[in-house]
1. Pull up region 319-340, narrow it to residues that are modelled with pLDDT of 80 or more and aliphatic (A, V, I, L, M), then point me to the one that is nearest to Leu302 (Cα to Cα).
2. List every residue pair whose Cβ atoms lie under 6 Å apart, where the two residues are 6 or more positions apart in sequence or sit on different chains, the first residue falls within region 249-272 and is under 14 Å from Tyr238 (Cα atoms), and the second residue, located anywhere, is surrounded by fewer than 17 Cβ atoms within 10 Å (Cβ to Cβ) and among the small types (Gly, Ala, Ser).
3. Among strands (runs of 3 or more DSSP E) lying entirely in region 233-344, which contain 3 or more residues that are not aromatic (Phe, Trp, Tyr)?
4. Could you list, in sequence order, the residues of region 132-175 that are in a loop (DSSP other than H, G, I, E, B), within 18 Å of Gln192 (Cα to Cα) and aliphatic (A, V, I, L, M)?
5. Can you confirm whether Leu171 is of a type in the set (A, V, I, L, M), at pLDDT below 90 and closer than 21 Å to Gln99 by Cα?
6. Quick check on this structure: which one of Lys127, Lys148, Lys176, Lys135 is charged (D, E, K, R), crowded, with 16+ Cβ neighbours inside 10 Å and farther than 19 Å from Met208 by Cα?
7. Would you confirm whether or not region 55-66 contains a residue that is in contact with a helix residue (DSSP H, G or I) (Cβ under 9 Å, 6 or more places away or on another chain), in contact (Cβ under 8 Å) with a residue 24 or more places away in the chain, aliphatic (A, V, I, L, M) and farther than 27 Å from Thr184 by Cα?
8. Restricting attention to region 15-39, report how many residues are at pLDDT 95 or above and under 16 Å from Pro63 (Cα atoms).
Amino acid sequence: MSEEYLVNIEHEKLSFFTPAGEVKALNDVNIHLRQGEVLGIVGESGSGKSVTAYSLIGLTADPGKLISGSLYFNGHQVDQMTEKEMRKIRGNEISIIFQDPMTSLNPVYTIGNQITEVITLHTNKTKEEAKARAKELLELVGINEPEKRLKQYPHELSGGMRQRIMIAIALACEPKLLIADEPTTALDVTIQAQILELMMELKDKLGMSIIMITHDLGVVASMCDHIAVMYAGRIVEYGTTDQVFYEPKHMYTKGLIRSIPRLDTDEHQRLIPIEGTPVDMLNPPKGCPFGPRCEACMKICLKQNPPITEFDDTHYTYCWLQQKEAMERLAADSSAKSSGGGEA
């Protein structure tokens with residue numbers, strides 16, 4: 001099973017042990033990603049999107065602790081690897097684009113220094129070869145006057161340029177997997193579209209996989225093969241992009257889709273927000289974590305976590321409403337068969 005996928009996370013449970021108590025950040029998370037695929041992980045802040053990806057590259061240090069489950073990348077069991085072994089993979093086979101490029105780049109080193117450091121650290125290239133590769137990478141990500149930019153400091157560049165620099169650093173060693181943690185959050189829509197288009201071009205060119213972490217469903221619609229919708233440390237719905245957008249099954253997914261501005265709505269039609277506040281992860285609810293905010297909440301939703309409801313090989317959800325509908329369909333089919341048998 002682990003060899004079939006580039007990324008294979010099975011039943012991951014991860015907590016942060018803080019002075020205030022145990023924060024159950026991830027609760028039974030499963031993710032499967034093949035070579036060359038793009039997976040979007042969506043959900044509001046604090047849902048566990050970034051923690052899921054960071055755990056794959058060993059960046060959830062103390063007080064974070066893996067409670068149970070297994071994490072495989074390219075045949076390696078990541079959760080069993082030492083820090084020294086992880087360093088060989090991190091930056092080389094798995095790269096990450098962090099959310100804020102200004103805080104990710106070192107303000108006292110030039111752009112050239114920061115890119116060449118990554119190249120010399122992970123490859124056998126000389127300093128001159130690393131400089132040539134750095135220039136090549138800047139051209140690859142669409143930065144003009146690359147030789148001039150290599151001598152500049154982060155504060156001398158615009159937000160869009162800094163984000164392109166971060167992509168260049170992430171791609172320096174041609175990784176098998178690129179983790180993009182909300183890479184377009186601080187950018188305007190024009191630059192955002194350019195960055196997303198660039199990432200897809202580079203994915204096709206290098207044959208890499210991408211995990212796109214975002215709270216913006218509009219971003220994942222155009223570039224992802226599959227979408228995992230997360231809420232309160234759980235994947236509440238998983239499916240192909242078309243399945244999640246056109247056949248959403250979980251009430252949280254439906255709420256997220258309803259809150260997206262559309263071009264075909266009436267001029268004065270208001271967006272429909274998801275009422276209520278996110279879950280307190282120190283004291284999560286006993287039943288379905290979305291229950292207290294769900295407009296279709298039933299008594300059982302508040303008492304017990306829902307089991308999985310599978311619609312086909314690629315689409316599933318955890319929702320009592322879907323369990324109820326499945327049982328009603330089964331009862332209707334059974335009734336139709338028995339009445340048909342009586343007439344015969």
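The values are calculated or read from the model by the stated rules, or taken from the named source; none is laboratory data. Nothing here was measured: the structure is a model prediction, and the numbers come from that model. When we count neighbours, we look across all protein chains shown, and the Cβ atoms used for this are built from the backbone with ideal geometry, even at glycine.
1. Leu321
2. Here the result reads Met251/Ala296, each pair linking region 249-272 to a residue that is surrounded by fewer than 17 Cβ atoms within 10 Å (Cβ to Cβ) and among the small types (Gly, Ala, Ser).
3. 234-240, 308-310
4. Val141, Ile143, Leu157
5. It is true that Leu171 is of a type in the set (A, V, I, L, M), at pLDDT below 90 and closer than 21 Å to Gln99 by Cα.
6. Unique residue meeting the criteria: Lys135.
7. yes
8. Total satisfying the criteria: 0.
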